[in-house]
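Trainee: Below you will find the structure I want to go over with you.
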Amino acid sequence: MHFFSLVLPYLIPALEVVAIAFVVYYLFSFFWNTRAMDLILGIVVFCALFMLASWLHFPVLESLMRNFVNAAVIAILIIFQPEIRVALSKLSVKGKKYEKLSEFDRFLDALSNSVYRMAERRIGALILIENQDSLDEYANKAVLLHAQFTSELIESIFAQTSPLHDGAVIIRGTTIVAAAVILPLADDSGQITRSMGTRHRAALGITQHSDALSIVVSEESGKVSIARDGIMTRGVKADRFKGIIRSIFTAPAGEGGVRSALYDWFRSWRES
């Protein structure tokens, strides 16, 4: 007992250092080579400047930096919500639910790889992921496939030599329901710009009529855009794309498609 009382004052700080080291290592390993890594490095520099201001006794600079931190914390939580949710989800227990999510994650990884391969080769594409609103109205007027999603299939559909490339593809769960789908064009709104072609206007148009998620690959610029609820985010990078999709998609239940978490994220993004 006497030995324990002597060791305890040294044991607690040691455990605290190990815990802090684990958290720092986890953050750096998760955000490495992503857009959020620039933020992590910026925070490190900011902390160093804050410590320097305290050490040199600069009261005004120290007060300004404290006020900046209060606003920056809220901004970081909003801007990097997808990445934070992914990081937290990886801490959860990997049970049966995780196995289902892993199966859906494989689909999302294949989708992401296909989208950015087409973007790199400047192959135009328009992909719809059905949510709760049925897209049968548009699918029944197109070429019905009802095929399991594969990278090879989706890329062959949008190849220039394919007779199905001129139109959209509808995905329900992990099934490609239809190809060469004709969609309504977007109504005039603040989202429409002169640089938008027919593909982007169609991606916006279907999100004004349903809760589907649209993914657009620009044939001219090779940029990837995501549209939801009449809102389009353009120039989405690969790491951001995967972070958004994996953090808000849930495992498909039957033919229900993507759940309403998509709407929650886009609403929070719009309000921010």
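The values are calculated or read from the model by the stated rules, or taken from the named source; none is laboratory data. Model, not experiment: these values are computed from the prediction. Note that we place each Cβ from the backbone using ideal geometry, even for glycine, and neighbour counts take in every protein chain shown.
Trainee: Inside segment 134-171, can you point out the residues that are among the charged types (D, E, K, R) and either touching a helix residue (DSSP H, G or I) at 6+ places or on another chain (Cβ under 8 Å) or at pLDDT 90 or above (or both)?
Mentor: Asp136, Glu137, Lys141, Glu152, Glu155
Trainee: For segment 158-183, give me each residue that is outside any loop (DSSP other than H, G, I, E, B) and either within 24 Å of the chain's Cα centre (by Cα) or free of Cβ contacts under 8 Å to residues at least 24 places away in the same chain (or both).
Mentor: Passing the criteria: Ala168, Val169, Ile170, Ile171, Arg172, Thr175, Ile176, Val177.
Trainee: Same structure again: Going by the structure shown, is Leu213 modelled with pLDDT of 90 or more, assigned by TED's automatic domain parsing to the domain that holds Asp105 and of a type in the set (A, V, I, L, M)?
Mentor: no
Trainee: Let me ask something else about it. For segment 200-242, give me the residue count where each residue is over 18 Å from Ile170 (Cβ atoms) and assigned to a loop (DSSP other than H, G, I, E, B).
Mentor: Qualifying residue count, segment 200-242: 11.
Trainee: Residues in segment 187-209: is at least one buried (at least 18 other Cβ atoms within 10 Å of the Cβ), out of contact with any Gly (no Cβ under 9 Å at 6 or more places or on another chain) and touching a residue at least 60 places away in the same chain (Cβ under 8 Å)?
Mentor: Checked segment 187-209: at least one residue is buried (at least 18 other Cβ atoms within 10 Å of the Cβ), out of contact with any Gly (no Cβ under 9 Å at 6 or more places or on another chain) and touching a residue at least 60 places away in the same chain (Cβ under 8 Å).
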